[in-house]
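Asks: Quick one: the structure is below, questions incoming.
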Ligand SMILES: Cc1ncc(C[n+]2csc(CCOP(=O)(O)OP(=O)(O)O)c2C)c(N)n1
């Protein structure tokens, strides 16, 4: 397979599903940001706005037996994997009904029942966890593929490069998905990565492609091929998805007024909007129907989260151990 | 009765665990040829999929073990050098240890980290002579430091069966300890339960690992002078057997801790703090430790000068006995 084969597919059920997923992630994030300002969400969030196509399409290429690891910017991955938006929002609000019972928050959202082995706030850390999980499932005779999501910044973490080596060496069924949004916080990728991201992956002996991360169907086709390859026992594959973060690195950034992207650059980046790209493949009626379903679902999610109880402070270290010492 | 060495006891614990539980597997550097002797004979018995030689990539393979644990396995990692734990502090402390709480109890991370040869290794100098058990106790990672072959067996088996991350330090000074053991009596030793290694009346000496041997030798020596020393070995540094220590101190009302870690914020400091909060003592407690911020120098005389020794222990015991 080459990157040239990664064209788009025709309008079908997948087309609608991909639109539903990118739209859900977009609107979830926009609504979550609204809860940061009044303090319903404490600690802020790292918005995924603009990168929705990657989570939506990669997760669409997985079966329910597969697993993912995610990052500090993880809401999109968690939603695309099928987590309940109400429980995710409740987690961001630190409620007992949250995915992690309010113990994890935005950067640690996990739902093991859906194969979400956790968002991880240490840049580059989750790729080695995904590799170990995928290896273990194979040892157990299960047909599981793991996907590790990470950003361009993570490509300079030694541990991630070590994980690429282990995965390739042991032909582990894992797909590495690098979301290159051009920046690690404020550090441009050109100032951070010597050589090229895919060349690093190829040096470990795995196929690596750079694809358009704004077109959900392009990402879907590429990740379907990568997942199939991993499942067939040929080992890991690496996808560098070119994308753009529409908003701040973190919701605190507005207060800090960090100056590192020109308005022209941001406008150009926003002009390739995955929600618009995928939406154009639906009829107006189809789109309107999906949009209104999502608004209804998010209204219910917000009501559920806001109405949920806060954890009881009497036992703040509950769950620290699986077995009490 | 057959003699069992500490290292052989750990080897047996690994073999028995691999044998009884298919989810157990070992990983580490040069473990197929058993460079440290810990894994001797295990490759031929259990095969390369369960005795996994890793490339030199400690950070990735430590997290790899976490991932495998999340997928239902029970990995045991051998680290060749104690200071490698500094390299993987993030992976043990910030990842494996925190997963259960951060996910609201959705998962468990039963990884065991074994350091074969912790502490001074006689002439290995600054970067090979650390004994960092205090660091893991401080953050709440379950931490065991066995003193005897039977405990090395029993605590390692328990660590592997435990559903949480556990670091096991096998001090290099204890690896050669041998003990008469009927192999059929080898059994798991629960984490967090100490033992009185030698009963006594006049003073309690707390020691773990190789220092238990030193404390017992000193107790023998002082017995001749009419001093009765009780040696308390908590076995597990975290969680600590507070009840066991309380029972001992209730009897002796005097306390000395000998601890092969640095003085400030060390394990001995913790035991003394507990004593101050909870016990009624007849004299202020004392501690024998490495100096503040110590790094082990190479020259043997200097290495020895940094480690807590028997003479210092005798002096500390005499001091708490004199203190009225
Ligand atoms: C190991 C590590 N170093 C630094 C940080 C602080 N930090 C959090 S996000 C981030 C930028 C990550 O950039 P990238 O991997 O490209 O992901 P992006 O934020 O662009 O999605 C940094 C430096 C961290 N969390 N972990």
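Asks: Scan the range A:185-193 and give yes if some residue there is closer than 24 Å to residue A:156 by Cβ, more than 21 Å from the chain's Cα centre (by Cα) and away from the ligand (no atom under 13 Å from the Cβ), otherwise no.
Replies: no
Asks: Look through the range A:276-324, keep the residues that are surrounded by fewer than 10 Cβ atoms within 10 Å (Cβ to Cβ) and within 14 Å of another protein chain (Cβ to nearest Cβ), and return whichever of them is farthest from residue A:35 (Cα to Cα).
Replies: Checked the range A:276-324; the qualifying residue farthest from residue A:35 (Cα to Cα) is A:324.
Asks: Also, quick follow-up: Report those helices (runs of 4 or more DSSP H) wholly inside the range A:223-301 carrying at least 2 residues which are at pLDDT 95 or above. Reasoning before the result, please.
Replies: On the way: elements: A:253-256, A:263-270, A:274-279.
By residue number, A:263-270, A:274-279.
Asks: Is it the case that the range B:103-123 has a residue that's part of a helix (DSSP H, G or I), in contact with a helix residue (DSSP H, G or I) (Cβ under 6 Å, 6 or more places away or on another chain) and either more than 16 Å from residue B:164 (Cα to Cα) or within 14 Å of another protein chain (Cβ to nearest Cβ) (or both)?
Replies: Initially, the range B:103-123 is screened for residues part of a helix (DSSP H, G or I), giving none.
No, because not a single residue in the range B:103-123 is part of a helix (DSSP H, G or I), in contact with a helix residue (DSSP H, G or I) (Cβ under 6 Å, 6 or more places away or on another chain) and either more than 16 Å from residue B:164 (Cα to Cα) or within 14 Å of another protein chain (Cβ to nearest Cβ) (or both).
Asks: In the list A:163, A:133, A:168, A:83, which residue meets the criterion of being in a helix (DSSP H, G or I), more than 9 Å from chain B (Cβ to nearest Cβ) and either surrounded by fewer than 24 Cβ atoms within 10 Å (Cβ to Cβ) or more than 12 Å from the ligand (Cβ to nearest atom) (or both)?
Replies: Details: A:163 fails: more than 9 Å from chain B (Cβ to nearest Cβ); A:133 fails: more than 9 Å from chain B (Cβ to nearest Cβ); A:83 fails: in a helix (DSSP H, G or I).
Only one candidate passes the filter, namely A:168.
Asks: Ok, one more. Suppose the filter is part of a helix (DSSP H, G or I), in contact (Cβ under 8 Å) with a residue 24 or more places away in the chain, buried (at least 22 other Cβ atoms within 10 Å of the Cβ) and out of contact with any strand residue (DSSP E or B) (no Cβ under 6 Å at 6 or more places or on another chain); does residue A:57 pass it? Before the answer, list the steps.
Replies: Numbers: part of a helix (DSSP H, G or I): yes; in contact (Cβ under 8 Å) with a residue 24 or more places away in the chain: yes; buried (at least 22 other Cβ atoms within 10 Å of the Cβ): yes; out of contact with any strand residue (DSSP E or B) (no Cβ under 6 Å at 6 or more places or on another chain): yes.
In short, yes.
Asks: Just give me the residues in the range A:249-285 being closer than 20 Å to residue A:14 by Cβ and within 16 Å of the ligand (Cβ to nearest atom), in sequence order.
Replies: A:274
Asks: Just the residues that are under 16 Å from residue A:127 (Cα atoms), in contact with a strand residue (DSSP E or B) (Cβ under 8 Å, 6 or more places away or on another chain) and away from the ligand (no atom under 16 Å from the Cβ), please, taken from the range A:194-210.
Replies: A:206, A:208, listed by residue number.
Asks: Among (1) within 12 Å of the ligand (Cβ to nearest atom); (2) more than 13 Å from chain B (Cβ to nearest Cβ), which single condition is residue A:158 missing?
Replies: Of the numbered conditions (1) within 12 Å of the ligand (Cβ to nearest atom); (2) more than 13 Å from chain B (Cβ to nearest Cβ), the odd one out for residue A:158 is (2).
Asks: Starting from the range A:243-269, keep only residues that are surrounded by 14 or more Cβ atoms within 10 Å (Cβ to Cβ), then list their pairs with residues that are in a helix (DSSP H, G or I) whose Cβ atoms are within a distance under 7 Å, requiring at least 6 positions of separation or different chains.
Replies: A:243/A:54; A:244/A:269; A:246/A:269; A:246/A:270; A:248/A:254; A:251/A:33; A:251/A:36
Asks: So which of B:211, B:186 is touching a residue at least 12 places away in the same chain (Cβ under 8 Å) and in contact with a helix residue (DSSP H, G or I) (Cβ under 8 Å, 6 or more places away or on another chain)? Step through it out loud before you land on a result.
Replies: On the way: B:211 fails: in contact with a helix residue (DSSP H, G or I) (Cβ under 8 Å, 6 or more places away or on another chain).
Unique residue meeting the criteria: B:186.
Asks: Taking the residues in the range A:98-130 that are at the interface with chain B (Cβ under 7 Å from one of its Cβ atoms) and in a strand (DSSP E or B) as candidates, determine which candidate is modelled with the lowest pLDDT.
Replies: Result: A:118.
Asks: Regarding residue A:66, is this residue more than 13 Å from the ligand (Cβ to nearest atom) and farther than 24 Å from residue A:103 by Cα?
Replies: Details: more than 13 Å from the ligand (Cβ to nearest atom): yes; farther than 24 Å from residue A:103 by Cα: yes.
Yes.
Asks: I would also like to ask the following. Scanning for something more than 13 Å from the ligand (Cβ to nearest atom) and within 25 Å of residue A:276 (Cβ to Cβ), does the range A:223-232 turn up at least one residue? First the steps, then the outcome.
Replies: Pass one, the range A:223-232, residues more than 13 Å from the ligand (Cβ to nearest atom): A:223-232.
Keeping just the survivors that are within 25 Å of residue A:276 (Cβ to Cβ) gives A:223-224.
Looking through the range A:223-232, at least one residue is more than 13 Å from the ligand (Cβ to nearest atom) and within 25 Å of residue A:276 (Cβ to Cβ).
Asks: When you go through A:153, A:124, A:182 one by one, which is the residue that is touching a strand residue (DSSP E or B) at 6+ places or on another chain (Cβ under 7 Å), in contact (Cβ under 8 Å) with a residue 60 or more places away in the chain and within 15 Å of the ligand (Cβ to nearest atom)? Break it down stepwise before answering.
Replies: Numbers: A:153 fails: in contact (Cβ under 8 Å) with a residue 60 or more places away in the chain; A:124 fails: in contact (Cβ under 8 Å) with a residue 60 or more places away in the chain.
Of the residues listed, the single one that is touching a strand residue (DSSP E or B) at 6+ places or on another chain (Cβ under 7 Å), in contact (Cβ under 8 Å) with a residue 60 or more places away in the chain and within 15 Å of the ligand (Cβ to nearest atom) is A:182.
Asks: Looking only at the range B:263-304, count how many residues are in a helix (DSSP H, G or I), exposed (fewer than 13 other Cβ atoms within 10 Å of the Cβ) and out of contact with any helix residue (DSSP H, G or I) (no Cβ under 9 Å at 6 or more places or on another chain). Steps first, please.
Replies: Going residue by residue through the range B:263-304, those that are in a helix (DSSP H, G or I) are B:267-278, B:300-304.
Subset that is exposed (fewer than 13 other Cβ atoms within 10 Å of the Cβ): B:273, B:276-278, B:300-302.
Of the ones still in play, those that are also out of contact with any helix residue (DSSP H, G or I) (no Cβ under 9 Å at 6 or more places or on another chain) are B:273, B:276-277, B:300-302.
So the count comes out to 6.
Asks: Test each condition in (1) crowded, with 24+ Cβ neighbours inside 10 Å; (2) more than 9 Å from chain B (Cβ to nearest Cβ) for residue A:204 and report the one that comes out false.
Replies: Failed condition: (1).
Asks: A further question on this structure: Residue check: is residue A:281 touching a strand residue (DSSP E or B) at 6+ places or on another chain (Cβ under 9 Å) and farther than 24 Å from residue A:99 by Cα? Step through it out loud before you land on a result.
Replies: On the way: touching a strand residue (DSSP E or B) at 6+ places or on another chain (Cβ under 9 Å): no; farther than 24 Å from residue A:99 by Cα: yes.
Answer is no for this residue.
Asks: Pick from the range B:152-191 the residues that are within 13 Å of chain A (Cβ to nearest Cβ) and over 17 Å from residue B:7 (Cα atoms): which of them is farthest from the chain's Cα centre (by Cα)?
Replies: By that ranking, first place goes to B:163.
Asks: Considering only residues that are away from the ligand (no atom under 16 Å from the Cβ) and more than 9 Å from chain B (Cβ to nearest Cβ), look in the range A:136-150 and name the one that is surrounded by the fewest Cβ atoms within 10 Å (Cβ to Cβ). Lay out the reasoning, then the answer.
Replies: Taking the range A:136-150 and keeping what is away from the ligand (no atom under 16 Å from the Cβ), we get A:136-146.
Checking the rest, the ones that are also more than 9 Å from chain B (Cβ to nearest Cβ) come to A:138, A:141, A:143, A:145.
On the way: A:138: 21, A:141: 6, A:143: 11, A:145: 27.
Among residues in the range A:136-150 that are away from the ligand (no atom under 16 Å from the Cβ) and more than 9 Å from chain B (Cβ to nearest Cβ), the one surrounded by the fewest Cβ atoms within 10 Å (Cβ to Cβ) is A:141.
The values are calculated or read from the model by the stated rules, or taken from the named source; none is laboratory data. Here the structure is a predicted model, which means the values were calculated and not measured. A quick note on method: Cβ atoms are made from the backbone with ideal geometry, for glycine too, and the neighbour counts reach across all protein chains shown.
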